[in-house]
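Visitor: Handing you this structure, nothing more for now.
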Amino acid sequence: MSYPPTDYVESNNVELFEIIERYPLATLFCQAHDMDDAVDDVIDHVMDHKIDIHSCHMPLSLCRESLTLYGHANPTNPLKKFKGKQIHGVFHGPDTYLSPAQIKGIKLPTWDYATVHIQARLHEIEEFDKQIEALHHMLTAFETDSQPWQLSAVPEKQLIAMCKSLLFFELKVTHITGQFKLSQNKPAETRSEIANLLSASKSEMSAYYQ
C-alpha cells in the first residue's frame, strides 16, 4: 500500500505552482547529518535533546521557468550549513475540517487539505548583483499593492550592508508533487455536498472541488 494514496497525489504543475505562489511560506526540513561543517557533524544538543532534523519557516518566491525558489535568512539559520545539500520543503495550501454534523455523507470527522512537497538543492547566492536580483524577484512576488514598496527606497550603503548581513539562497527544485486530500474516496453525491458547504462558507478549499 502506497502513501499518500494514489488518489491524493497531484502532479499538475500549474496547480502546484499556484499553491506555492499563493501560500509562499514554506516549512523547510534538513537532515542534521548532511551539515557542511565538520564541527557540526556532531549533532547539536538543545535542552539535552538531540536534533536529528532541522526545520524552519521561510517565505520563498518561485521562478516557474527554471523551477527555482529564492529566499534569504539570518546567517545564524542552520540552512547556511546545508549548501549543496538536499532540502525537503512543504507549502501549506488551504485546509478545512469536515463534520458529520454538517455533511450527511460522512460518518466520522475528517480534514481535507492541499499541500505541495518539494525536494531541492540549496545554493548560496554570494554575488551582490545576484542578491539584488533575488530581492527584486521576491518583491515582485510579494508586493501586490497598487503602490508597491520599491528597493530603491533603501540608500545604497544601507542596501550593501543589509545584503552582507543576510544569507541569500536559491533552491533548485529536483522533485515536486502535491498531496491533495479532497475526499476522493467519497461518493460523488457526498463530494458535491462538501463542495456546496465550502462554497457557501466561502472557503478557499471550495475551488479544489470544482
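The values are calculated or read from the model by the stated rules, or taken from the named source; none is laboratory data. Bear in mind the structure is a predicted one, so any value in this text is a computation, not a measurement. Note: ideal-geometry Cβ built from the backbone for every residue, glycine included; neighbour counts use all protein chains shown.
Visitor: Pick from region 23-52 the residues that are modelled with pLDDT of 75 or more and loosely packed, with under 12 Cβ neighbours inside 10 Å: which of them is farthest from Gly84 (Cα to Cα)?
Guide: Leu25
Visitor: Still on this structure, please answer the following. Among the residues of region 65-85, write down those that are modelled with pLDDT of 95 or more and surrounded by 12 or more Cβ atoms within 10 Å (Cβ to Cβ). Before the answer, list the steps.
Guide: Within region 65-85, the subset modelled with pLDDT of 95 or more is 65-73.
Leu67, Thr68, Leu69, Tyr70, Gly71, His72, Ala73 - these are the residues of region 65-85 that are modelled with pLDDT of 95 or more and surrounded by 12 or more Cβ atoms within 10 Å (Cβ to Cβ).
Visitor: Follow-up question, since we're still on this one. Considering only region 189-210, how many residues are within 23 Å of the chain's Cα centre (by Cα), of a type in the set (S, T, N, Q) and in a helix (DSSP H, G or I)?
Guide: 1
Visitor: Here's a follow-up. Scanning for something at positive phi and out of contact with any Lys or Arg (no Cβ under 8 Å at 6 or more places or on another chain), does region 200-210 turn up at least one residue?
Guide: Yes: region 200-210 contains one or more residues that are at positive phi and out of contact with any Lys or Arg (no Cβ under 8 Å at 6 or more places or on another chain).
Visitor: Could you identify the single residue in His54, His72 that is in contact (Cβ under 8 Å) with a residue 12 or more places away in the chain, outside any loop (DSSP other than H, G, I, E, B) and either within 30 Å of Glu189 (Cα to Cα) or out of contact with any helix residue (DSSP H, G or I) (no Cβ under 6 Å at 6 or more places or on another chain) (or both)? It would help to see each step written out before you state the result.
Guide: Numbers: His54 fails: either within 30 Å of Glu189 (Cα to Cα) or out of contact with any helix residue (DSSP H, G or I) (no Cβ under 6 Å at 6 or more places or on another chain) (or both).
Of His54, His72, the one residue that is in contact (Cβ under 8 Å) with a residue 12 or more places away in the chain, outside any loop (DSSP other than H, G, I, E, B) and either within 30 Å of Glu189 (Cα to Cα) or out of contact with any helix residue (DSSP H, G or I) (no Cβ under 6 Å at 6 or more places or on another chain) (or both) is His72.
Visitor: Report, by residue number, each residue of region 93-118 that is surrounded by fewer than 15 Cβ atoms within 10 Å (Cβ to Cβ) and either closer than 30 Å to Leu166 by Cβ or in contact (Cβ under 8 Å) with a residue 24 or more places away in the chain (or both).
Guide: Of everything in region 93-118, those that are surrounded by fewer than 15 Cβ atoms within 10 Å (Cβ to Cβ) and either closer than 30 Å to Leu166 by Cβ or in contact (Cβ under 8 Å) with a residue 24 or more places away in the chain (or both) turn out to be Asp95, Gln102, Lys104, Trp111.
Visitor: Let me ask something additional. Show the residue pairs meeting these rules: Cβ distance below 7 Å; 6+ apart or different chains; first residue within region 13-25 and on the phi > 0 side of the Ramachandran plot; second residue surrounded by fewer than 16 Cβ atoms within 10 Å (Cβ to Cβ) and part of a helix (DSSP H, G or I).
Guide: none
Visitor: Let me confirm something: among Thr96, Thr110, which residue is modelled with pLDDT of 95 or more, touching an Asp or Glu at 6+ places or on another chain (Cβ under 8 Å) and hydroxyl-bearing (Ser, Thr, Tyr)?
Guide: On the way: Thr110 fails: touching an Asp or Glu at 6+ places or on another chain (Cβ under 8 Å).
Of the residues listed, the single one that is modelled with pLDDT of 95 or more, touching an Asp or Glu at 6+ places or on another chain (Cβ under 8 Å) and hydroxyl-bearing (Ser, Thr, Tyr) is Thr96.
Visitor: Have a look at Lys186, Lys172, Lys130 and point out the one that is in a loop (DSSP other than H, G, I, E, B) and surrounded by 11 or more Cβ atoms within 10 Å (Cβ to Cβ).
Guide: Lys186
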